[in-house]
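Structure first, then comments.
Values quoted throughout were computed directly from the atomic coordinates according to the rules given, and no laboratory measurement underlies them. Treat the numbers as computed from the prediction; the structure is a model and nothing was measured. Because the Cβ atoms are built from the backbone with ideal geometry, glycine has one as well, and the counts that use them run over all protein chains shown.
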């Protein structure tokens, strides 16, 4: 596993999982697993993390697909809308994160999540998770610090993904 790498506009972490690439991709393409993958430490109260629940539970199967999630923050709960912008099974998947306005219009803040998967053999996958905020405009950067999480967030997410994707006996 590589330590998280940060440049001025993105952060990424890479880990090798003892899981076939198709299985890893299937877990990441299932929005119902995202709360369990979330890299923030889970608090003593069950269900308190960042990702709370998925509103749209369909598997991610096409670019442009939107899926919504309930989120928790100490200042209050909120909902995000994510739009798939990369889908190359089983090699890559990524989504933009934003919000849905009252009129149904979607607005994205300029940051995205992306998983790049490389099969290292029939039962090993190298996974790189990237959070990129290159396109975040200055007016958003004034009130949201980037990245909005600590340095272990991505590494923790990859550990959680490894546990979820691991074959069951």
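Could you give the length gained on full extension between residue 26 and residue 135, defined as 0.36 nm per residue of separation minus the Cα-Cα distance, in nm?
36.4 nm
Taking the chain as a Gaussian network, Cα atoms linked when under 10 Å apart, which of 105, 85, 159 shows the biggest mean-square fluctuation?
It is 105.
Using only the alpha carbons of the chain, determine the length spanned along each of the three principal axes and report them from longest to shortest in whole angstroms.
Projected onto the principal axes, the Cα atoms of the chain cover 46, 35, 33 Å.
What 222 nm value per residue comes from the helices of the chain, counting each DSSP H run with n ≥ 4 as -39,500 (n - 2.57) and dividing by all residues, nearest 500 deg cm²/dmol?
-4500 deg cm²/dmol
How would you rank 77, 12, going from fewest to most other Cβ atoms within 10 Å of each one's own Cβ?
Least crowded to most crowded, the residues run 77, 12.
What ranking of 61, 32, 168 emerges when the number of other C-beta atoms within 10 Å of each C-beta is taken as an exposure proxy, fewest first?
So the residues, fewest neighbours to most, are 168, 61, 32.
Using only the Cα atoms, work out Rg/Rh for region 104-159, with Rh taken as the Kirkwood radius, to two decimals.
1.11
Tell me the relative contact order for the chain as a rounded percent, counting alpha carbon contacts under 8 Å between residues six or more apart.
RCO, the chain: 29 percent.
Which value in Å does the Kirkwood hydrodynamic radius of region 70-120 take, with 1/r averaged over all unlike C-alpha pairs and then inverted?
So the Kirkwood estimate lands at 12.5 Å.
With 10 angstrom as the radius, rank 108, 25 by how many other C-beta atoms surround their C-beta, starting from the fewest.
Result, fewest neighbours first: 108, 25.
What do you get for the angle between helix 153-165 and the principal long axis of the chain? Use alpha-carbon atoms, 0 to 90 degrees, nearest ten.
50
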